[in-house]
Amino acid sequence: MTMYVFSTAGEAVGFVYESFIYDLDGVPLGRILGSRVHRLDGSYVGEWVNDMVVDKAAPYRRAISPVFPPPRKNPVGRGVWRRAVLEHGKYPDAFGWLYDQPMALAAE
C-alpha cells in the first residue's frame with residue numbers, strides 16, 4: 001500500500017518509500033529524518049506533519065549531510081483527495097521546496 005504525501009489542500013503530491021519522499025512520477029526528492037524533511041542535497045525544507053511537508057517553525061533548521069539519490073520508483077496512481085487538515089491550515093505547504101533551490105536558513 002502506498003503512503004501518500006498530501007498538500008495542505010488535501011491533494012496527493014508524492015509518496016514515501018522507506019525514509020525517502022518521491023513525487024508521483026517516482027523521482028526521489030528528499031528524505032524524512034524524525035519530523036524534519038530535507039532535500040537530497042541536505043538542505044532543510046520543512047516539517048513532516050500528518051502526511052504533509054509544511055513550513056512550521058522549528059528550532060533546528062540546519063542542513064544535514066547530502067545523500068546519493070535512491071533509484072527512481074515506478075510511478076504511482078494519483079490517489080484520492082482527502083479533506084484538508086484544518087488545524088494545520090496555518091502552516092504553508094512546503095512540498096514544492098523539495099524541487100526548488102535550497103532555501104536560505106535563518107541565522108543560527
Go through segment 57-92 and give me each residue that's modelled with pLDDT of 85 or more and among the basic types (Lys, Arg). Arg62, Arg72, Lys73
Here the residues within segment 45-82 that are touching a strand residue (DSSP E or B) at 6+ places or on another chain (Cβ under 9 Å) and over 22 Å from Ala9 (Cα atoms) are Tyr60, Arg61, Arg62, Ala63, Ile64, Pro66, Val67, Pro69, Pro70, Pro71, Arg72, Lys73
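The values are calculated or read from the model by the stated rules, or taken from the named source; none is laboratory data. Being a predicted model, the structure only gives us computed values, none of them experimental. Because the Cβ atoms are built from the backbone with ideal geometry, glycine has one as well, and the counts that use them run over all protein chains shown.
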